[in-house]
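**Student:** Structure incoming, see below.
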Protein chains: 2
Amino acid sequence: MDYKVEKLIVNYKTLEEFKKFKEYGLQELSMFEDLEANIIENDSKSPFYGIYFGDKLVARMSLYQVEKKFDRYFDPSQDYLELWKLEVIPDYQNKGYGNALVEFAKSFGLPIKTNPRVKSAGFWLKKGFSSVHYDMERDRGENPLVWIPEGVKEQSY
Amino acid sequence: MDYKVEKLIVNYKTLEEFKKFKEYGLQELSMFEDLEANIIENDSKSPFYGIYFGDKLVARMSLYQVEKKFDRYFDPSQDYLELWKLEVIPDYQNKGYGNALVEFAKSFGLPIKTNPRVKSAGFWLKKGFSSVHYDMERDRGENPLVWIPEGVKEQSY
């Protein structure tokens, strides 16, 4: 099944949709405050991508391009994507929405890093992600998983 | 009630105790591999602190001192503590073990940063932690909460 992944815009409607997701936290509240205070315009672009079913947002993720100079994961050092808040609302799970978002992220051709919940590691491994060597100073509370395109490898330590 | 907080050592016994905690992930597996490969000695010091009830580990947290030059949260910039994996095993919850660990962390007199699960924010707010301004480039998937000793404030942005 083909799903259309869209870049979400920050407006009151999107923020209302976000409330349906479990991982609703400081990031969303901050967007809401910025909108209320007119620091950002209604209809600003957000770091979120999502999939709608009709007019209902049923899956989303946040993607942020980290600059090469901050890369501590990949060799050669390069821009990479940090992915978080991948989530599908309950009634729409196991229908390929999560998969479509991950494939979309891979389509940029950049390495991807995510920090999954311990319980979701199985999903990420199936999608070709793998564990990195744990470095406490770098990773602290994280369980980083990475997807590495051909020609790239993990930074040695 | 007074609980004795101890710095944990990395040995097979401690790693076995760690399996009782929900947040068992890459960090623990990495310690286990280092121990198996003799990269670290049995009885090395770990970044974990814990509280025993008899010979049973019932609460733990990881603490890491971040150097001033990496500080992006506090003003003036300074060494601070990053705290993660604070967890009390189910039968011992609501008896002050989590509280004892947080008070222990505060006793160093340094600012503390943590990235709590969305659902545990209430506990941290009661302990005097507060939200920072969300900065996507810095915080990405995190919901940072900080505890700030007197004379220190949040970095302005």
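**Student:** Given chain A, what percent of its DSSP beta bridges are antiparallel, to the nearest 5? Kindly include the intermediate steps, with their values, before the conclusion.
**Tutor:** Numbers: 24 of 27 bridges.
The antiparallel proportion sits near 90 percent.
**Student:** Provide the solvent-accessible area of A:PHE104, counting protein heavy atoms only and rolling a 1.4 Å probe, rounded to the nearest 10 Å².
**Tutor:** Looks like 50 Å² after rounding.
**Student:** Please report, in whole Å, how far the alpha carbons of the range A:6-154 spread along each principal axis, starting with the longest.
**Tutor:** Extents along the principal axes, in whole Å: 41, 35, 27.
**Student:** Using all Cα-Cα distances in the protein assembly as shown, what percent lands in each 10 angstrom bin from 0 up to the longest?
**Tutor:** Each 10 Å bin holds this share of Cα pairs: 5, 24, 32, 27, 11, 2.
**Student:** Which of the GluC sites (Glu not before Pro) found in the range A:1-72 are in a DSSP loop and have at most 15 neighbouring Cβ atoms, other than their own, within 10 Å? Each step should come with its number before you reach the end.
**Tutor:** Values: sites: A:GLU6, A:GLU16, A:GLU17, A:GLU23, A:GLU28, A:GLU33, A:GLU36, A:GLU41, A:GLU67; in loops: A:GLU23, A:GLU41, A:GLU67.
In loop regions of the range A:1-72 (DSSP not H, G, I, E or B), the sparsely surrounded GluC sites (Glu not before Pro) are A:GLU41, A:GLU67.
**Student:** Which whole number gives the average count of other chain Cβ atoms within 10 Å of the Cβ atoms across peptide A:22-28?
**Tutor:** Values: counts 2, 4, 2, 11, 12, 7, 2.
Average neighbour count from other chains, rounded to a whole number: 6.
**Student:** Kindly express, to the nearest 10 degrees and within the range 0 to 90, the angle between helix A:97-106's C-alpha long axis and the longest C-alpha principal axis of chain A.
**Tutor:** Around 50 degrees separate the two axes.
**Student:** Report, to the nearest 10°, how far helix B:26-36 tilts away from the longest principal axis of the Cα atoms in chain B, using its own Cα long axis and a range of 0 to 90°.
**Tutor:** For helix B:26-36, the angle is close to 40 degrees.
**Student:** Over chain B, what is the relative contact order in whole percent, taking alpha-carbon pairs under 8 Å and six or more residues apart?
**Tutor:** On the way: 234 pairs, mean separation 31.4, N = 157.
In percent, rounded to a whole number, it is 20.
**Student:** Suppose you put the label 7 Å out from Cα in the Cβ direction; list, shortest first and in nm with one decimal, how far B:GLU16 is from each other copy's label.
**Tutor:** Nearest to farthest, the other copies are at 5.7 nm.
**Student:** When a/c is below 1.5 the answer is rounded, else prolate if a/b is larger than b/c, else oblate, so apply that to the range B:31-83 with a ≥ b ≥ c taken from the square roots of the Cα gyration tensor eigenvalues. Spell out each step's value before the answer.
**Tutor:** On the way: a/c = 4.11, a/b = 1.61, b/c = 2.55.
Verdict is oblate for the range B:31-83.
**Student:** If I stretch the segment between B:TYR12 and B:TYR92 completely, what's the gain in nm (0.36 nm per residue apart, minus their alpha carbon distance), one decimal? Display every interim value, and only then the final one.
**Tutor:** On the way: separation 80, 0.36 × 80 = 28.80 nm, distance 2.28 nm.
Extending this stretch completely gives an extra 26.5 nm.
**Student:** Could I ask something else about it? Write out the GluC sites (Glu not before Pro) in the range B:113-157 meeting two conditions: DSSP loop, and at most 15 other Cβ atoms within 10 Å of their Cβ. Walk me through the numbers before you get to the answer.
**Tutor:** Numbers: sites: B:GLU137, B:GLU142, B:GLU150, B:GLU154; in loops: B:GLU142, B:GLU150.
Answer by residue number: B:GLU150.
**Student:** Taking K and R as +1 and D and E as -1, what net charge do the other residues with C-beta under 11 Å from the C-beta of B:PHE129 add up to? Don't skip to the answer; put the middle values down first.
**Tutor:** Details: positive: B:LYS106, B:LYS113, B:LYS126, B:LYS127; negative: none.
Counting the neighbours of B:PHE129, the net charge comes to +4.
The values are calculated or read from the model by the stated rules, or taken from the named source; none is laboratory data. Owing to the predicted nature of the structure, the values given are computational and were not obtained by experimental measurement. As a convention, Cβ positions derive from the backbone with ideal geometry for all residues, glycine included, and neighbour counts pool all protein chains shown. The protein model used for the area step is the full one, side chains on, heavy atoms only, and it has no ligands, DNA or RNA in it. Shrake-Rupley method; radii C 1.70, N 1.55, O 1.52, S 1.80 Å.
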